[in-house]
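Structure, as structure tokens:
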Amino acid sequence: MKKFAALLAAASILAGGSAYASGGGHWTYSGNTGPDHWATLDSKFSACAGMNQSPINIDTKTAIEAQLDAVKINYTSSSTEVLNNGHAIQVNFAKGSTITIDNTEFELKQYHLHYPSENTINGESFPMELHLVHADKNGNLAVIGIMFKEGAANSQLAAVWKKMPRKEGEKNALSGDLKATGVLPDSKDYYRFNGSLTTPPCSEGVRWIVMKNPITASKDQIKEFEHTMHHPTNRPVQPVNARPILK
Ligand SMILES: [Zn+2]
């Protein structure tokens, strides 16, 4: 059942996840279809009330020291299109980009952005957070989260922003051979924990990798993203409960 839910979620992600994802109920980031109500909006969203939900606050003092293996990142394919699904701006990738963790290969499907950040680090929120979404051949998901802080402009965002659809449901082709390596920090040190999708259906069993070091976007790039989304697109942090956070 869990795997089925993950597959459904992956299918929704791959399809671009409209506001009415996979036939499920309409959800938003505020009001009576907001995060506090997701679990009861639709029977498919019941996992939103689960014990291993994302995002979380990463408390670096209580995180457990671990010998985390480097994530093998092999981002060789290019982006194909950028879409506005009403919840996020999403960049889809051609097949061929992968990461390897836990001796398992996961293929990069897309990345998308939230503002402000969803995960927080020692209670600190960042102006944007980027999620690289990967799936293995069984539909299990692994997400790499990267924080943005204000600073130098990011050249890949500059190319994406030029094509970013202003209207929900629209998409534009991307050319220029953009690879996801363009949104990775130099240092690949990371925090590791188990969590969920941060949007309905909130499926659990997602391997989360949050990079310790942020990358930068310019003040104008951050502003332009906020104006395009019109409203914050972050789910509030969820209880960590019994989960270990490794550092
Ligand atoms: Zn996300």
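Reported count of residues in region 47-100, each being of a type in the set (K, R) and within 18 Å of W208 (Cβ to Cβ), is 1.
Among the residues of region 161-187 satisfying the criterion of being touching a Lys or Arg at 6+ places or on another chain (Cβ under 9 Å) and within 30 Å of D59 (Cβ to Cβ), which is surrounded by the most Cβ atoms within 10 Å (Cβ to Cβ)? My answer is P185. Kindly indicate the residue of region 103-122 that is hydroxyl-bearing (S, T, Y) and in contact with a helix residue (DSSP H, G or I) (Cβ under 7 Å, 6 or more places away or on another chain) and also farthest from the ligand (Cβ to nearest atom) among those meeting that condition. Selected residue: Y115.
Residue by residue, here is whether (1) at pLDDT 95 or above; (2) not in a helix (DSSP H, G or I) holds:
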| residue | (1), (2) |
| --- | --- |
| V160 | yes, no |
| R166 | no, yes |
| G169 | no, yes |
| S175 | no, yes |
| L178 | yes, yes |
| P185 | yes, yes |
| Y191 | yes, yes |
| V210 | yes, yes |
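When T62, T76, T80, T100 are checked against the criterion of being without any contact (Cβ under 8 Å) to a residue 40 or more places away in the chain, away from the ligand (no atom under 14 Å from the Cβ) and among the hydroxyl-bearing types (S, T, Y), T100 stands alone in meeting it.
The values are calculated or read from the model by the stated rules, or taken from the named source; none is laboratory data. These numbers come from a predicted model, not from an experiment. Note: ideal-geometry Cβ built from the backbone for every residue, glycine included; neighbour counts use all protein chains shown.
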